[in-house]
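Okay, so here's the structure we're looking at.
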Amino acid sequence: MIPVLLFLMLCCCLVTCCFGLSSNVPNNSSTSAVIRKAFTGKMILAPLTRGGNLPFRRLCADFGMETSMSEMIYARSLLRGDKIEKARLRRAGNEHVYGVQLATNQISEGLEAAKEAEKAGADFVDLNCGCPIHDATRRGLGSSLLRSPKKLGNLVNGLVSGSNIPVTVKIRLG
């Protein structure tokens, strides 16, 4: 039991602030308050490619995880109807606050994917700007977005201003 708990603790991270809340969600609204509360001093399961699947997130929630995120979802594939990407939207019944991580480099595509995430029950969406894997960077997604700060700024602004749910951004240091 101890190794399982240690593994779960290593997979979770403590986050103390939330950036990029959608301007469509006023700061005093209940949704914004829920998201801010979900990120402040809580145990959060970071998005884990090939690890943060529904059964694992359900197990983490059983052990006290308070906020979770899906595996990275390619927005374009999701919008084309890819069954695997659609399955990654599913939320476990015991997940208190649930976010969907999206990989996109286009505002319109990101907004449509955010609508799908919202329909699936996501409380927020997270733009992936940290994934270094070749499959993402060769498409101009993930950490490759950091090479064009102006484009990234426009993308984040477009997603935040057009989304009905809060938007966060994952950025990796180092």
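The values are calculated or read from the model by the stated rules, or taken from the named source; none is laboratory data. Bear in mind the structure is a predicted one, so any value in this text is a computation, not a measurement. Side chains are part of the model used for accessible areas, which takes the heavy atoms of the whole protein and leaves out ligands, DNA and RNA. Shrake-Rupley method; radii C 1.70, N 1.55, O 1.52, S 1.80 Å.
From largest accessible area down, sort Lys170, Lys86, Lys150; use a 1.4 Å probe on the protein chains. Please list the in-between numbers first.
Numbers: Lys170 45, Lys86 105, Lys150 165 Å².
Largest accessible area first, the residues go Lys150, Lys86, Lys170.
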Cα-based reach from Lys42 at 28 Å (exclusive), listing lysines while leaving out same-chain residues under 8 positions away: Lys86, Lys115, Lys119, Lys170
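When the Kirkwood hydrodynamic radius is evaluated over all pairs of different C-alpha atoms of region 70-174, what value in angstrom, to one decimal, is obtained?
13.6 Å
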Roughly how many whole Å is it from the C-alpha centroid of region 37-64 to that of region 102-117? 22 Å
Counting only residues 5 or more places away or on other chains, whose amide H sits under 5 Å from the amide H of Ile73 once H atoms are built in the peptide plane? Gln101, Leu102, Ala103
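Write down the accessible area per residue of region 42-173 in Å², having rolled a 1.4 Å probe over the full set of protein chains. Intermediate results must be reported in sequence, preceding the final value.
Details: 6180 Å² over 132 residues.
Per-residue accessible area for region 42-173 comes out at 47 Å².
At 1.4 Å probe size, put Tyr98, Tyr74 in order of accessible surface, largest to smallest. It would help to have the intermediate numbers written out before the result.
Values: Tyr98 0, Tyr74 25 Å².
My answer, sorted largest first, is Tyr74, Tyr98.
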Compute from the Cα atoms of region 120-173 the Rg and the Dmax, the latter being the longest Cα-Cα distance, and quote both in angstrom. 11.6, 32
